[in-house]
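Trainee: First the structure, which I've put down as structure tokens, then a few questions once you've had a look.
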Amino acid sequence: MRRTCNAGGPFTIYHLPFTIDEVIRPTVARVSLEALRANLRAIQSFLSTTTSTPPQVIAVVKANAYGHGAAEVGRAFEEAGAAMLACADIEEGLVLRQAGVRAPILVFGALSVSDLEGIFSHRLTPTISTPSVARALQAAAARHGVRLPCHLKIDTGMNRLGFRHDNLARTLPEIARAPNLEIAAVYTHFATADNPEHPAFARQREGFEAVLAALPALGITTTVRHAANSAGLLRDERVWYDFVRPGLLLYGIVPPPLAATLPLRPALSLHSRIVAVKGLRPGEGTGYGLRDDADRHRTLAVVPAGYADGLDLRLAGRGHMLVRGRRAPIVGSVCMDMTTIDVTGMDVSPGDEVIVVGEQDGESIGVREIAAEIGTIPYELLCRVGSRIQRIYGAPGL
């Protein structure tokens, strides 16, 4: 490390003998792009088994591609044949374009309060989900002198974004008359597709079908439709329409509690290494709150991954990590930067690899399992993988 003096003040400047890009923390995420491409192909194959004109795939890469890294993942899905990518907002779309993605990109989010210039400069396809969005897009398209392709979102019961399915005669004629807006597709989103017992899924499908039949009379003439997320895709081929919008399935995980026979592979695994091993005497606890005191001698290992990296506090006392192919319980408290695991009776040393999510020597810990242990969903856990976790691409799929 080279040290120099700052002539402008009393501070010292330290010049590191490496660049930040070269630093690899012990905790890293490995992402298999081949697993992602294979998952897309498996979905495409599944879609082609029951119809002569299978729907095309809109690959959902919002939220940094569910924590996997939008730039690399977006390019991988485009190369594998996704007809379109989908993201949450304009900024996510710009990331994909700057990464070299040339496929159409659908923006799901509401845009009336956004700077809309990115829609035009980066060739993004916006969603019209409210009258204010339609007016803002019409005004912007008129300024640019273009007819802007858009997708129209219908709210069939989720009660979030979209035009209410039972109020379209009042809201849609204005959009149909907008001279600079082209409705290229119509879609809806299911609120309960992952709950086979809930009747709302059928009600939403039937409501969407009724809307599709009524649209021509309201001036909307497109015949392109989409509705199915990952769970809807698995549940009912009647909602496949012209496109499907898988998210979690693309990343190799079946939405719980559903099951599927698709040959999917989880694309992301989370790895770390033991940085310290220490013994505890009977009656001693560990971490904040000194939890998990026990009446026996124990050996603990410290892993440099914590809630700043996306680990949930509720994993303490519930979750496990893999060391030398064995499950080691998470004990004490999950801290900001580190977690302790119980390795009593195991021959471990600093530097040993730890698997937080993934497979080791025939044993595995999956995101669905972790989510079930702490009462959340796989989507959240993937999206919470921290920004300081380096993604390493090209690792074998699990």
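Trainee: Which ones in region 252-269 are out of contact with any strand residue (DSSP E or B) (no Cβ under 7 Å at 6 or more places or on another chain), in contact (Cβ under 8 Å) with a residue 12 or more places away in the chain and not charged (D, E, K, R)?
Mentor: Of the residues in region 252-269, the ones out of contact with any strand residue (DSSP E or B) (no Cβ under 7 Å at 6 or more places or on another chain) are 252-266.
Checking the rest, the ones that are also in contact (Cβ under 8 Å) with a residue 12 or more places away in the chain come to 252-258, 260, 262-266.
Across region 252-269, the qualifying residues are GLY252, ILE253, VAL254, PRO255, PRO256, PRO257, LEU258, ALA260, LEU262, PRO263, LEU264, PRO266.
Trainee: Can you name the residue in region 335-355 that is closer than 17 Å to LEU270 by Cβ and open to solvent by less than 10 Å² (accessible area, probe 1.4 Å) and is also nearest to the chain's Cα centre (by Cα) among such residues?
Mentor: Here the residue is ILE355.
Trainee: Step by step: first the residues of region 46-59, then only those that are touching a Phe, Trp or Tyr at 6+ places or on another chain (Cβ under 8 Å) and under 16 Å from ASN229 (Cα atoms), then the one that is most open to solvent (accessible area, probe 1.4 Å). Which residue is that?
Mentor: Filtering region 46-59 down to residues touching a Phe, Trp or Tyr at 6+ places or on another chain (Cβ under 8 Å) leaves 47, 51, 54-59.
Keeping just the survivors that are under 16 Å from ASN229 (Cα atoms) gives 47, 54-59.
Details: LEU47: 1, PRO54: 57, PRO55: 14, GLN56: 99, VAL57: 4, ILE58: 0, ALA59: 0 Å².
That would be GLN56.
Trainee: When residues of region 377-394 are filtered for being of a type outside the set (Asp, Glu), within 18 Å of ASP194 (Cβ to Cβ) and open to solvent by 30 Å² or more (accessible area, probe 1.4 Å), how many remain?
Mentor: Kept after step one, since they are of a type outside the set (Asp, Glu), are these residues of region 377-394: 377-379, 381-394.
In the following step, the residues that additionally are within 18 Å of ASP194 (Cβ to Cβ) were identified as 377-379, 381-383.
Checking which are open to solvent by 30 Å² or more (accessible area, probe 1.4 Å) leaves us with 377, 379, 383.
Adding up the residues that qualify gives 3.
Trainee: Still on this model: So which of LEU233, LEU212 ends up being open to solvent by less than 60 Å² (accessible area, probe 1.4 Å), in contact (Cβ under 8 Å) with a residue 60 or more places away in the chain and assigned to a helix (DSSP H, G or I)? Steps first, please.
Mentor: Working: LEU212 fails: in contact (Cβ under 8 Å) with a residue 60 or more places away in the chain.
Exactly one of LEU233, LEU212 is open to solvent by less than 60 Å² (accessible area, probe 1.4 Å), in contact (Cβ under 8 Å) with a residue 60 or more places away in the chain and assigned to a helix (DSSP H, G or I), namely LEU233.
Trainee: Just the residues that are open to solvent by 10 Å² or more (accessible area, probe 1.4 Å) and outside any loop (DSSP other than H, G, I, E, B), please, taken from region 236-261.
Mentor: Those that are open to solvent by 10 Å² or more (accessible area, probe 1.4 Å) and outside any loop (DSSP other than H, G, I, E, B): GLU237, ARG238, PHE243.
The values are calculated or read from the model by the stated rules, or taken from the named source; none is laboratory data. Just so it is clear, the model here is predicted, and its values are computed rather than measured. When we count neighbours, we look across all protein chains shown, and the Cβ atoms used for this are built from the backbone with ideal geometry, even at glycine. Keep in mind that these areas ignore ligands, DNA and RNA; they rest on the heavy atoms of the full protein, side chains included. Shrake-Rupley method; radii C 1.70, N 1.55, O 1.52, S 1.80 Å.
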